[in-house]
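Shown next, in C-alpha cells, is the structure this report addresses.
The values are calculated or read from the model by the stated rules, or taken from the named source; none is laboratory data. Fair warning: this is a prediction, and the values are worked out from it, not measured in the lab. Note that each Cβ is placed from the backbone with ideal geometry, even for glycine, and that neighbours are counted across all protein chains shown.
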C-alpha cells in the first residue's frame, strides 16, 4: 500500500507539472524543497501571477486549522510582523489585518484581507479565496503603504488520509514606487516562501492534537479514486491522467 501511495503522489506531481507546461503560459520560477513555483503574465497588468504547488504529508483539516489560526500567521508567513482578526463572519469567512515588514528604504505594507472558504466533502477539496477589502476596524495606514490590489487562493485536495495536495496562487500589487521587475521578483520569492512556511508550520501542528478540526473522514469513507489532479487550474495530459485514475488509495 505504501508503494502505491508513493507512486500516486509522484504521478500526482508529474501530472501537475505536465499540465503547467501544456498551458504554455506558465513559466518555471523556483523548484526547491518539494515545491514547484511558476509565473505567468496577466492581461491588463505587468504584475505576474504566481503559482506554487506541493504535496504535504498532513491531513487536510490540519492545514485548514493552520490557515484559520490568524495570530500564528506571524510564525510562518514571509515578512509578516502583525496579523489580527478584525471580524469573523462565520467559521468559513473572516476579515483580517496584516502588516508586512520590508527592508529599508522600502516602506512597510499593510493589507485588509477577506478570506472565504468553500469545502466539498464529496470530492475532498477545499478552496480558500483571499482578496483585499476595506473594514471599519482596520487601523489607518500611517507610515505604511496600504495594498489594495491583492488576490490569493489556496486549493487543497485530498490525496489520501495522510497527504494533501496544495496549490497556492497569488497576484499582489504592493503599490508605491517599487519597480515592476522588483515586484515580480519579490512575488516569486514570496509565493515559494509562503508555501514553505505553511508546510513547515503544518508539520509542527501535525504532531499536536487539534480541537474542533474539520472532519473529512470517509466519504472519504470508502477509498477515493485519485482526484482530478487540479485539472481546473492547469493543462492536461489525458493519457497519464487516465492511467492514474485506475489506481485507488485508502
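Restricting attention to the range 150-157, does a residue exist that is over 27 Å from residue 48 (Cβ atoms), in contact with a strand residue (DSSP E or B) (Cβ under 8 Å, 6 or more places away or on another chain), crowded, with 18+ Cβ neighbours inside 10 Å and modelled with pLDDT of 95 or more? Looking through the range 150-157, none of the residues is over 27 Å from residue 48 (Cβ atoms), in contact with a strand residue (DSSP E or B) (Cβ under 8 Å, 6 or more places away or on another chain), crowded, with 18+ Cβ neighbours inside 10 Å and modelled with pLDDT of 95 or more. Have a look at 29, 37 and point out the one that is within 27 Å of residue 117 (Cα to Cα), crowded, with 19+ Cβ neighbours inside 10 Å and touching a strand residue (DSSP E or B) at 6+ places or on another chain (Cβ under 9 Å). Exactly one of 29, 37 is within 27 Å of residue 117 (Cα to Cα), crowded, with 19+ Cβ neighbours inside 10 Å and touching a strand residue (DSSP E or B) at 6+ places or on another chain (Cβ under 9 Å), namely 37. Applying the criterion of being at pLDDT 95 or above and surrounded by 15 or more Cβ atoms within 10 Å (Cβ to Cβ) to the residues of the range 80-92, the residue that is farthest from residue 103 (Cα to Cα) is 86. Considering the range 144-182, and only residues there that are over 27 Å from residue 66 (Cβ atoms) and not in a strand (DSSP E or B), the residue that is farthest from the chain's Cα centre (by Cα) turns out to be 177.
Please work out if residue 115 is surrounded by 15 or more Cβ atoms within 10 Å (Cβ to Cβ), within 24 Å of residue 203 (Cα to Cα), in contact with a strand residue (DSSP E or B) (Cβ under 7 Å, 6 or more places away or on another chain) and modelled with pLDDT under 95. Against the criterion (surrounded by 15 or more Cβ atoms within 10 Å (Cβ to Cβ), within 24 Å of residue 203 (Cα to Cα), in contact with a strand residue (DSSP E or B) (Cβ under 7 Å, 6 or more places away or on another chain) and modelled with pLDDT under 95), residue 115 does not qualify.
Against the definition (surrounded by fewer than 15 Cβ atoms within 10 Å (Cβ to Cβ) and modelled with pLDDT under 95), how does residue 43 come out, yes or no? Considered against the rule, which asks whether it is surrounded by fewer than 15 Cβ atoms within 10 Å (Cβ to Cβ) and modelled with pLDDT under 95, residue 43 comes out as yes. Every listed requirement among (1) in a loop (DSSP other than H, G, I, E, B); (2) within 21 Å of residue 86 (Cβ to Cβ) is met by residue 130 save one, (1). Among the residues of the range 59-78, some residue qualifies, meaning at least one is under 19 Å from residue 173 (Cα atoms) and part of a loop (DSSP other than H, G, I, E, B). Evaluating residue 84 against the criteria (1) touching a helix residue (DSSP H, G or I) at 6+ places or on another chain (Cβ under 9 Å); (2) outside any helix (DSSP H, G or I); (3) within 23 Å of residue 171 (Cβ to Cβ) leaves one unmet condition, (3). Residue-level analysis places residue 9 among those that are at pLDDT below 90 and under 23 Å from residue 203 (Cβ atoms).
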